[in-house]
Amino acid sequence: MDEPGRTAAPSRVSETSSPDGLALLGRYHPLPGVPDEMMDGDGRIRDHWQPLLDCMAGLSAAERDRRRREAQQLIHDHGVTYNVYGDPQGFDRPWKLDLTPLILPAEEWSVLSRGLIQRAHLLNAVLADLYGPRALLAGGALAPEILFANPQYLRPLSGHRPPGDRWLHLMAVDLARGPDGRWWVLSDRTQAPSGAGYALENRVIAARTWPEPFRRMPVARLAGFFEAWRAGLSRLSGKDEPRLVLLTPGPYNETYFEHAYLARHLGVPLVEGADLTVRDGRVFLKAVDGLKPVDVVIRRLDSEWCDPLELRNDSSLGIPGLLEAVRGGTVVVANALGSGVVEAAALLAFLPGLCRAVLGQDLLLPSTATWWCGDPAVRSEMLAKLDRMVLQPAFSPRRMPGAGTAGPAIGSSLDPAARTRLERDLVQRGWDRVGQELVALSTAPSWADDRMRPAPMSLRVFIAWDGDGYRVMPGGLTRVSASHDTRAVSMQRGDGSKDTWVLADDDARYRPPRKATDMRLAVRRTMDTLPSRSADDLFWLGRYAERAETRIRLFRAVIARLTGEAWHPRGSPVLARLIDRLVLRLPDGLAADSTARFEAAVPALLFDRTDPSSLAFTQRQLQHTARNCRDRLGTDAWRLLTDLQPGDTPEVGITLDGALLHLKHRQDHLVALAGLQQEATSRGHGWRFTDLGRRLERIVSTAELLAALATEPDGEIDGGLETALELGVCAMTYRTRYGARLQQAPVVDLLLADPGNPRSIAFQLTRTVDHIDSLPRDDARGLPGPDQRLARGLLADVTLCDIEHMLAARHGGDGPTLRGLLDHLLEAVPRLSDIIGGRYFLHSDPRQVRRPNGADGITDMLAAV
């Protein structure tokens, strides 16, 4: 998959900045440093820039800065990220957005659109020929090496024809503008083009930042483009309601945010290769309710990784047998597998001739001047003028000998030894090299440090098949360089982006999409199919969220007893049990210096991401799990989860009061997250698995709480019962029901067996049984499964227990004890979790289930303190 991205440079000049301020309609414009891009030949502001500059000039510097900060907050709240490999921020590197949009007038965009649509038809026709009759090779319009030496050419698909000979359903073109105002093509992206989702998110933020000019100007909207693309995809299978999925490499991919964003926007499941399987020549989605046939796969994975059986056998990202299903016509892949063959830089040298041969037309949108070095005459010419040329691989962006860095080799930048190696390489591997003019990117206005400056830029535009024809997105992803290097723009290098405003006539401003079908949609209240992997992630999201909240309540209770109104002496038995059994989780029983050990361990308990008993470890697991099911989370939920970053240990240490503030902030977010889950989530299978994870985790934490604080004979005296009620969030209920007097039996009953208490174990088991009974079953006989039997048995054990009899048995009476029941719960809940995982997540024997790292239940975590 391409980076959205990396652009080599072909425009002719770099435009310069004007002096601070300029004459504007007879007056001095107050904005400093306005670039030439915004002005016409007479030194006046171009008409299409006027409303934006008027708005910016009418704002104070403080207001402009406020809007900038608000935009950054929106990026944070929406979770817009772009993962730069090797960046210390990793998955959490915020998207860089320049708030000054690139504005294009309607007449300029009209010319561009015609050229882009022609180019899409041309490349689609070239693909149809290369995988079909190969008339272009036979007629000499294209050198055979361009096809057969291209690693993106998939020989197993030779002779294959996708439905309607439609190979390209979404493509991108990287553009740059020359000094004469003409646009040039830098490269074509036909494999799995990135950036359309980022362009839509840029629009959302830019429109919020500059609402006045956005409303005043006839800016074409983007939503219709995505609706048209979705409609075109839906028509591929010929079915009224086809099942579409979006295939992603996973959360480690640099553009994973966009994959999740597009899946939500298009209303399709986000899947990884392991979520799909091929049975009897058909692709199926592994869902919680069984295997579901898939009609269309929107891939964001390069072709070579898509099928380890027939393509790269080291790929763990693809679907074994996918090519068999494609050739059999049972599934459509968009873009078609093998479409990356026309991304080759070498093809740019042949496109003018191909356009005349295939379409009978001149190429409307020229590419940067490119020469394929497989021709001996061209190779000699490149050697003669190497100082003025850029050499790069003809087919894939491999490192060039002598270049020093990945990507193009600039002849004028090479030392004599590197130049000699490059010349030798060109002679030996000329078929795998192209030469291009050494030119620079033009610039676009950029706002930084409260002034305008010119920034090198390129524009990525998108073309989609809507079922009847190709349609150009009225906008795009403008990328700007953070440096003054006008030769390339690269997101992986840390450069940024900006919104692109295309001005349109009022009639075209809200251009509606074509209808995918005239079929009337039937009203339904069932949810879409839930992939098993998503169910697994949502289940553990619930568990980790509940676990984090439990740890926070526990840490706050201990600190309060060391510092506040609830102070306990350092030798207090209840304080020792809290610290040793629930916080430090010591395997060898109580320690004499519990309080001192806790105070020394506070930084590690809050910030050590490697210690399973720490809050930071649980927060990290929570965020990792949330990232895996990002397409299932709304903006509000993601914002709360993003704010739950574990944080780093303060260099000056942390006081107990500081620890309380740290914990309170995170508890507020977790409580809000739980509220969103209950009040803003549809009651489908996804909600059930999330809530099921919460319920099981709460059973474990409450059982451990009772075992530590409510089974001891001195619990009534040393504050154990009061602490149990506080941690169980039941103190107010108890006082309302029983007054201020604490006794063991009422406390245990409230936390263990009261079905009306939403924090009791009985309540959790009731909800657990309800969830399990509502999940899909595959037993036609209607008999209860092992998960149902185990859950119902635990519910019966708890609701039918005799609290007073169990407490009496502890003192020497006959019958089951409270500790015995709690131990049974702590042993059975992990077993129930495994059965659920085996049945719905892995579709395997539960004995083969392996829980995530650190997910073996609280009872298995030992602190490394």
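Screening the candidates SER316, SER303 for the property of being over 26 Å from ILE463 (Cα atoms) and touching a residue at least 24 places away in the same chain (Cβ under 8 Å) yields one hit, SER316.
Has the stretch 645-654 got at least one residue that is under 28 Å from PRO830 (Cβ atoms) and either modelled with pLDDT of 90 or more or out of contact with any strand residue (DSSP E or B) (no Cβ under 9 Å at 6 or more places or on another chain) (or both)? Checked the stretch 645-654: at least one residue is under 28 Å from PRO830 (Cβ atoms) and either modelled with pLDDT of 90 or more or out of contact with any strand residue (DSSP E or B) (no Cβ under 9 Å at 6 or more places or on another chain) (or both).
Residue pairs whose Cβ atoms lie under 7 Å apart, sitting 6 or more positions apart in sequence or on different chains, and linking a residue in the stretch 832-851 that is on the phi > 0 side of the Ramachandran plot to a partner that is at pLDDT 80 or above and open to solvent by less than 20 Å² (accessible area, probe 1.4 Å), are HIS843/SER532. Check whether at least one residue in the stretch 697-707 is in a helix (DSSP H, G or I), open to solvent by 20 Å² or more (accessible area, probe 1.4 Å), touching a His at 6+ places or on another chain (Cβ under 8 Å) and under 24 Å from PRO830 (Cα atoms), and report yes or no. The answer is no; no qualifying residue exists.
Looking only at residues that are open to solvent by 10 Å² or more (accessible area, probe 1.4 Å) and assigned to a strand (DSSP E or B) in the stretch 426-452, which one is farthest from GLY496 (Cα to Cα)? The extreme case among them is ARG433. Pairing residues of the stretch 411-433 that are not assigned by TED's automatic domain parsing to the domain that holds VAL341 with residues that are among the polar types (S, T, N, Q) and open to solvent by less than 90 Å² (accessible area, probe 1.4 Å), at Cβ distances under 7 Å and at least 6 apart in sequence or on separate chains, gives no pairs at all. Here THR100 meets each of (1) open to solvent by 10 Å² or more (accessible area, probe 1.4 Å); (2) polar (S, T, N, Q); (3) modelled with pLDDT of 65 or more; (4) not assigned by TED's automatic domain parsing to the domain that holds PRO213 with one exception, condition (1).
Quick one: SER194 ticks every box in (1) part of a helix (DSSP H, G or I); (2) open to solvent by less than 10 Å² (accessible area, probe 1.4 Å) except a single one, so which number is it? Of the numbered conditions (1) part of a helix (DSSP H, G or I); (2) open to solvent by less than 10 Å² (accessible area, probe 1.4 Å), the odd one out for SER194 is (1). Checked across the stretch 722-737, the condition of being open to solvent by less than 20 Å² (accessible area, probe 1.4 Å), in a loop (DSSP other than H, G, I, E, B), of a type outside the set (Asp, Glu) and not assigned by TED's automatic domain parsing to the domain that holds LEU584 holds for at least one residue. Might you check whether a residue that is at positive phi, open to solvent by less than 60 Å² (accessible area, probe 1.4 Å), assigned by TED's automatic domain parsing to the domain that holds LEU147 and in contact with a helix residue (DSSP H, G or I) (Cβ under 6 Å, 6 or more places away or on another chain) occurs anywhere in the stretch 322-339? Yes, the stretch 322-339 has at least one match. Take the conditions within 36 Å of the chain's Cα centre (by Cα) and either closer than 26 Å to GLN788 by Cβ or assigned by TED's automatic domain parsing to the domain that holds ASP691 (or both) and apply them to SER774. Does it pass? Taking the combined requirement at face value, the residue satisfies it. If I ask for residues that are charged (D, E, K, R), touching a Lys or Arg at 6+ places or on another chain (Cβ under 9 Å) and farther than 22 Å from GLY178 by Cβ, which ones from the stretch 445-478 would you list? Across the stretch 445-478, the qualifying residues are ASP450, ASP466, ASP468, ARG471. As a summary of the residue check, TYR252 satisfies the conditions (1) farther than 28 Å from PRO308 by Cβ; (2) open to solvent by 10 Å² or more (accessible area, probe 1.4 Å) except for the one numbered (1). The criterion of being open to solvent by 10 Å² or more (accessible area, probe 1.4 Å) and not in a helix (DSSP H, G or I) holds for ALA740.
Can you go through GLY238, GLY224 and tell me which one is out of contact with any strand residue (DSSP E or B) (no Cβ under 9 Å at 6 or more places or on another chain) and modelled with pLDDT under 95? Answer to the selection: GLY238. Annotation note: Cβ proximity below 6 Å between a residue of the stretch 672-697 that is over 14 Å from TRP540 (Cβ atoms) and a residue that is open to solvent by 50 Å² or more (accessible area, probe 1.4 Å) (sequence gap 6+ or interchain) occurs for LEU676/ASP636; GLY684/MET527; TRP687/THR681. Scanning the stretch 624-632 for any residue that is among the hydroxyl-bearing types (Ser, Thr, Tyr) and either at pLDDT 90 or above or under 30 Å from ILE75 (Cβ atoms) (or both) turns up at least one such residue. Counting just the residues of the stretch 348-397 that are open to solvent by 50 Å² or more (accessible area, probe 1.4 Å), out of contact with any Lys or Arg (no Cβ under 8 Å at 6 or more places or on another chain) and in a loop (DSSP other than H, G, I, E, B), which one comes out modelled with the lowest pLDDT? Only one residue fits best here, namely ASP375. Within the stretch 289-314, the residues that satisfy the criterion of being touching a strand residue (DSSP E or B) at 6+ places or on another chain (Cβ under 8 Å) and buried (at least 21 other Cβ atoms within 10 Å of the Cβ) are VAL294, VAL296, VAL297, ILE298, ARG299, ARG300, LEU301, CYS306. Residue count for the stretch 755-775 satisfying the condition of being closer than 18 Å to ILE803 by Cβ and open to solvent by less than 20 Å² (accessible area, probe 1.4 Å): 6. Residues considered: ARG514, ARG525. Of these, the only one that is outside the structural domain of THR277 (by TED's automatic domain parsing) and either surrounded by 17 or more Cβ atoms within 10 Å (Cβ to Cβ) or modelled with pLDDT of 60 or more (or both) is ARG525.
Among the residues here, ARG688 qualifies as in contact with a Leu (Cβ under 8 Å, 6 or more places away or on another chain) and open to solvent by 20 Å² or more (accessible area, probe 1.4 Å). For the stretch 779-865, the helices (runs of 4 or more DSSP H) that sit wholly inside it and include 2 or more residues that are under 39 Å from the mean Cα position of the chain (by Cα) and at pLDDT 95 or above are 786-799, 818-836.
The values are calculated or read from the model by the stated rules, or taken from the named source; none is laboratory data. This one's a predicted model, so the numbers in the text were calculated from it and none came from an experiment. When we count neighbours, we look across all protein chains shown, and the Cβ atoms used for this are built from the backbone with ideal geometry, even at glycine. Only protein heavy atoms, including side chains, enter the accessible area calculation; ligands, DNA and RNA are left aside. Shrake-Rupley method; radii C 1.70, N 1.55, O 1.52, S 1.80 Å.
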